[in-house]
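Colleague: Have a look at this one.
The values are calculated or read from the model by the stated rules, or taken from the named source; none is laboratory data. Predicted model, so just to flag it, every value in this text is computed and none were measured. All Cβ positions, glycine included, derive from the backbone under ideal geometry; neighbour counts span all protein chains shown.
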Amino acid sequence: MIRKIIHIDMDAFYASIEQRDNPELRGKPVAVGKGSERGVVAAASYEARKYGVHSAMSSKVAKDKCPHLVFVANRMAIYKAVSTQIMEIFLDYTELVEPLSIDEAFMDVTENKKHVQSATFIAREIKERIRETTGLTASAGVSINKFLAKTASDYDKPDGLYVIRPEEAETFVEDLPIEKIHGVGKVTAGKMHRLGIKTGRDLKKQSLAWMNRHFGKVGLHYYNISRAIDERPVNPQRIRKSVGTERTFEKDLQENFEIITALYHIEKELIRRMEKSGSFGRTITLKVKFSDFRQITRSKTMEDPIVDFQTLHHNAKEILAGINLQQKKIRLLGLSLSQLDQKKGGQAVQLELDF
């Protein structure tokens with residue numbers, strides 16, 4: 001049976017909610033985040049994107065690109081509430097809903113609650129219901145697997161609906177510029193260009209051995225997607241892989257006591273998130289971004305999961321002590337835990353990953 005997969009991606013989700021709730025922002029370039037010197041853009045409206053503003057960009061650079069950019073504060077509680085409304089719409093059609101984030105999800109509607117044969121019809125109806133319920137627009141991609149559905153949803157944004165039919169799948173991928181293939185980032189795209197790979201067709205010509213030689217473990221993935229193959233099921237029980245938090249500082253940190261104090265508060269927040277999610281990890285990773293934007297990470301893995309603040313604090317400080325910070329200024333600190341377990345009945349139970 002050919003699967004029918006839909007990928008729904010909300011259009012400029014955070015910024016669109018702000019424009020919806022504040023009519024004065026409509027039609028203006030809007031960025032969600034702090035507009036301070038050390039702030040970071042969390043989301044940008046389509047009006048802002050025309051100037052080259054995008055998420056994860058520093059607020060300073062964003063304002064240089066778009067001097068009349070309007071910054072609004074993050075209202076995560078509102079975004080989560082709207083996300084819940086949208087996910088409830090998805091569940092009206094199928095239980096096979098796999099959220100990727102707060103504003104996008106895969107759906108498998110091969111067999112669905114509405115007994116509708118056309119996935120395109122379902123995607124169109126979902127888009128209409130989202131608009132009626134939330135006042136927001138979404139883009140949808142429809143195809144035979146997750147890779148193609150995700151690629152299709154990006155193809156006609158905003159408020160788009162793009163369908164890649166089974167007989168069109170391989171040709172569609174062959175004609176894609178390598179940069180447009182989901183999962184191929186800027187660094188990999190650059191490497192592929194140097195190897196003479198500019199389109200999906202160029203990639204498809206290569207053998208699996210060639211893929212593995214140049215791209216290692218991810219070579220099989222590139223080999224498959226160049227042939228429009230993606231056997232991954234829509235998994236409604238996606239397992240969280242890590243819990244983390246980070247902070248960009250208004251002023252660069254250089255003194256040791258400043259760094260230790262900042263790390264202490266990050267550790268406190270990480271413990272709070274761990275306890276809220278019920279997930280406790282064995283691998284602790286410290287991320288440090290310096291004032292010149294150079295970034296390093298250092299990790300340490302324990303035999304048992306970290307379940308209390310003192311253990312986290314001791315190991316985080318130990319990792320930090322192993323980094324040479326002399327004459328260096330720190331812009332950002334982040335801390336995360338991976339190899340997650342769930343604490344149940346006072347015992348930590350290893351989560352099983354379905355490979």
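Colleague: Among the residues of the range 7-27, count how many are assigned to a helix (DSSP H, G or I) and under 20 Å from the mean Cα position of the chain (by Cα).
Modeller: Of the residues in that region, 5 qualify.
To keep it simple, each residue is scored yes or no on (1) part of a helix (DSSP H, G or I); (2) among the hydrophobic types (A, V, I, L, M, F, W, C).
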| position | (1), (2) |
| --- | --- |
| Met211 | yes, yes |
| Asn224 | yes, no |
| Pro233 | no, no |
| Thr248 | no, no |
| Ile260 | yes, yes |
| Leu263 | yes, yes |
| Ile284 | no, yes |
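Colleague: Of the conditions (1) touching a residue at least 24 places away in the same chain (Cβ under 8 Å); (2) in contact with a helix residue (DSSP H, G or I) (Cβ under 6 Å, 6 or more places away or on another chain); (3) closer than 29 Å to Lys80 by Cβ, Val163 fails just one. Which one is it?
Modeller: Every listed condition holds for Val163 apart from (3).
Colleague: Tell me which residues, restricted to the range 164-200, are crowded, with 16+ Cβ neighbours inside 10 Å and either over 30 Å from Ala123 (Cβ atoms) or not hydrophobic (A, V, I, L, M, F, W, C) (or both).
Modeller: Glu170, Glu174, His182, Thr188, Met192, Ile197, Thr199, Gly200, listed by residue number.
Colleague: Identify the single condition in (1) surrounded by fewer than 17 Cβ atoms within 10 Å (Cβ to Cβ); (2) assigned to a loop (DSSP other than H, G, I, E, B) that Thr133 does not satisfy, given that it satisfies every other one.
Modeller: Answer for Thr133: the failing condition is (2).
Colleague: Oh, and also: So, in the range 185-222, of the ones that are hydroxyl-bearing (Ser, Thr, Tyr) and in contact with a Phe, Trp or Tyr (Cβ under 9 Å, 6 or more places away or on another chain), which residue ends up farthest from Thr171 (Cα to Cα)?
Modeller: Only one residue fits best here, namely Thr188.
Colleague: While we're on this one: Go through (1) small (Gly, Ala, Ser); (2) in contact with a Gly (Cβ under 8 Å, 6 or more places away or on another chain); (3) under 14 Å from Arg227 (Cα atoms) one by one and return the number of the condition Gly200 breaks.
Modeller: Here Gly200 meets the rest and fails (2).
Colleague: A follow-up question, please. Tally up the residues in the range 13-38 that are more than 19 Å from Pro158 (Cβ to Cβ) and touching a Lys or Arg at 6+ places or on another chain (Cβ under 8 Å), please.
Modeller: Total satisfying the criteria: 3.
Colleague: Looking for something among the aliphatic types (A, V, I, L, M), out of contact with any helix residue (DSSP H, G or I) (no Cβ under 6 Å at 6 or more places or on another chain), surrounded by 15 or more Cβ atoms within 10 Å (Cβ to Cβ) and not assigned by TED's automatic domain parsing to the domain that holds Ala56 - is there at least one such residue anywhere in the range 290-305?
Modeller: No; the residues of the range 290-305 include none that is among the aliphatic types (A, V, I, L, M), out of contact with any helix residue (DSSP H, G or I) (no Cβ under 6 Å at 6 or more places or on another chain), surrounded by 15 or more Cβ atoms within 10 Å (Cβ to Cβ) and not assigned by TED's automatic domain parsing to the domain that holds Ala56.
Colleague: Only one residue in Thr133, Thr84, Thr94 is touching a residue at least 40 places away in the same chain (Cβ under 8 Å) and polar (S, T, N, Q), so which one is that?
Modeller: Matching residue, one of Thr133, Thr84, Thr94: Thr133.
Colleague: Checking Lys217 against (1) at pLDDT below 95; (2) of a type outside the set (Gly, Ala, Ser); (3) surrounded by 13 or more Cβ atoms within 10 Å (Cβ to Cβ): exactly one of these is not met. Which one?
Modeller: Exception for Lys217: condition (3).
Colleague: If you don't mind, there's one more thing I want to ask. Taking strands (runs of 3 or more DSSP E) that fall entirely within the range 28-127, which contain at least 1 residues that are in contact with a Pro (Cβ under 7 Å, 6 or more places away or on another chain)?
Modeller: 70-72, 97-101, 104-108
Colleague: What pairs come out if I take residues in the range 221-250 that are at positive phi and pair them with residues that are modelled with pLDDT of 85 or more and of a type in the set (A, V, I, L, M) whose C-beta lies under 7 Å away, six or more apart or interchain?
Modeller: Here the result reads Ala228/Leu148; Ala228/Ala169; Ala228/Val173, each pair linking the range 221-250 to a residue that is modelled with pLDDT of 85 or more and of a type in the set (A, V, I, L, M).
Colleague: Please specify each residue of the range 160-205 satisfying the condition of being among the polar types (S, T, N, Q) and at pLDDT below 95.
Modeller: Thr188, the sole residue that qualifies.
Colleague: While we're here: Hey, any hits in the range 138-151 for a residue that's under 28 Å from Gln19 (Cβ atoms), in contact with a Phe, Trp or Tyr (Cβ under 9 Å, 6 or more places away or on another chain), among the polar types (S, T, N, Q) and modelled with pLDDT under 95?
Modeller: For the range 138-151, residues under 28 Å from Gln19 (Cβ atoms), in contact with a Phe, Trp or Tyr (Cβ under 9 Å, 6 or more places away or on another chain), among the polar types (S, T, N, Q) and modelled with pLDDT under 95: present.
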